[in-house]
1. Ordered by packing density, taken as the mean number of other Cβ atoms within 10 Å over each peptide's residues, highest first, how do 235-243, 370-378, 124-132, 191-199 rank?
2. If a paramagnetic tag sat 7 Å from the Cα of Val214 along the Cα-Cβ line, which residues of region 223-242 would have the backbone N under 20 Å from that point?
3. Students often check this: by mean Cβ neighbours within 10 Å, which of 50-57, 219-226, 103-110 ranks highest, and how do the rest follow?
4. How much length is gained if the chain between Lys379 and Ala189 is pulled fully straight, taking 0.36 nm per residue apart and subtracting their Cα-Cα distance, in nm to one decimal?
5. Per-residue counts of other Cβ atoms within 10 Å, averaged by peptide: what ranking do you get for 326-333, 155-162, 14-21, highest first?
6. Multiplying the sequence separation of Glu22 and Lys294 by 0.36 nm and subtracting their Cα-Cα distance, what value in nm do you get?
7. What does the net charge come to around Leu415 if you take all other residues with beta carbon closer than 11 Å to its beta carbon, with K and R at +1 and D and E at -1?
8. So if I place +1 on the C-beta of Lys and Arg and -1 on the C-beta of Asp and Glu, and nothing else carries charge, what would the dipole magnitude of the chain be about its Cα centre? I want it in debye, nearest 20.
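Every number here is computed from the coordinates shown, using simple stated rules; none is lab data. These figures come from a predicted structure and were not determined experimentally. Glycine gets a Cβ as well: all are built from the backbone with ideal geometry, and neighbour counts include every protein chain shown.
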Amino acid sequence: MFGRVPTSPKRVGEYRAIVGNEAIDELERLARPFAGARVLHLSVTAFGTGVAEMLNAVVPLMYDLGIHCEWQVVRGAEDFTAANKAIYDALGGKFADWTAEMHETWLRYNDLNAEFFDEHYDLIVVHDPQPVGLISAVERLGKRPLGKHWIWHSHLDLSEAQPDVWDMLRPSAERYDAVVFDMAEYARADIRAPLVAVIHPAIDPLHPKNMIKVSDETVRTVLGRFDVDPDRPLISQVSPFDQRHDPLGLIDVYRQVRMEVPGLQLVLVALMTTTDPQARTYFELATERAGDEKDIHVLSSLNDLGNLEVNVLQRAAQVVVQRYSGKGFAIMASEAMWKERPVVAARVSGIPAQIVDGRTGYVVDDDKGFVERIVHLLKNPGMADEMGRRAKEHVRHNFLVTRQIKDYLTLFNGLTTGGA
C-alpha cells in the first residue's frame, strides 16, 4: 500500500471526565454499525501540519471505538515538490504559475499512488488537495471496488481558488461520494459532488500542549527559562511566522498597549520547521523589530520550546492574541480558549465561528480594535477571567476532537445508510 503512520494508543473513555458520559455514549452508539469496518485516512505528510495533528488523535480514537482505522501517507517524489506547493497555494486563493509540466506531474503522481492501492476499505478519507486525483486514477486502473465509499476532506477555503487549478481537480473531486469542508463558506458554488458536508476543525484536550492542569511551579519554572516575569502582565501569540499571522504588526500593537499598561510583556512563539525559509525570515524581522526591548520575547519552536512550553506561554498570558488574516480556520484560537484565556483576534475566516464576540473573547477589525480590547481586558482582570471560563466551556461543547469524530461518524452513517 502506501506508508502506514504509527499512532500512540488513545482511549475514548479518558475523555468522559472532559465532555461527559452522554457525549461518549453517543460516539459509541454512532460507531457501533462500523465495528470491524476498515477505514483509511490518507494524507500528504505525517507531521508538521494541522491535518497530521488532527489525525494523530482521530485515528487512534476511532480504532478504540472498534473501527479498524488506519492512517497512511501517499508516496511522493522530489519532482512533485513544485507542483505540490503550487496546488496548495492556488486552491487557497494565491496566484500560482501553473504549467502544463506541473499538470503532467500531478497526473503521474496520482497514477503512481494508484498502483500501490491494493487493499479493500469500507471508507476512504482523503485529506489534502494534492491526492484528490487518486480516485480517478484508481478508477482508470479498475480498482474502484477496493474503496467502497470515498470522502475528500479539503481543509482549504476553495471559494477563491485559481480557476485553472480548480478546473483540473474538479472532475476528480466530483467523483467522491462526499466532499467535506471546514466551513460552509469554503465550499465552491460550482461543485457537484453527491454530498457536501461541513466538519469544523477541533483540538485534542489531552494533547500535551492542551492538557488541563499545569502546576503553578511548572508555570513559573518555564517562564523563568525565557526571562518572563510571572508577576507582571503578559500577552502572547503562538503561530506560524509569516505575513498572514503578522508578528511585526503585533509588536507595534503591543507598544501602543504598553503605554496604557506599564510593565506589560509580550511573548511571540514562532511555530516553524527547519525547511521553512519564510518563517526564518519573519523570525529575523521580528527579532529586529523588537530590538533590545527586554519585555518583548521572540521565541522559536526550534529552540527547546515544545508542547509543554507552548501550553504554559498561552496559559500564563492574561490575554492571547491572534493577528491571523488568512483564509484558514485558525483553530489555535480554540487552543488558547481551552486554557481559559480570552482571545482577541481578527475578524477573518474561522475566527468568528470560534469566538463569541464580547462573551468568550473579542473579534476586531483593525489595530485600533486590537489595542482597545487588549487594554480593556488587562485593566479588568476579573472580567477577563470570567470571559476565559466561558471560552473554555464554549470550546468544550463545540471544538474538541470528540465532536469532530461525532461529525465523521454521522457522515459515515449517512453514506452507508446505517452500516458499513
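1. Top to bottom by mean Cβ count within 10 Å: 124-132, 235-243, 370-378, 191-199.
2. Answer for this model: 223-241.
3. The densest-packed peptide leads the list: 50-57, 103-110, 219-226.
4. This chain segment gains 63.9 nm when fully extended.
5. 326-333, 155-162, 14-21
6. Taking 0.36 nm per residue and subtracting the Cα distance, the gain is 93.0 nm.
7. Net charge around Leu415: -1.
8. 1000 debye
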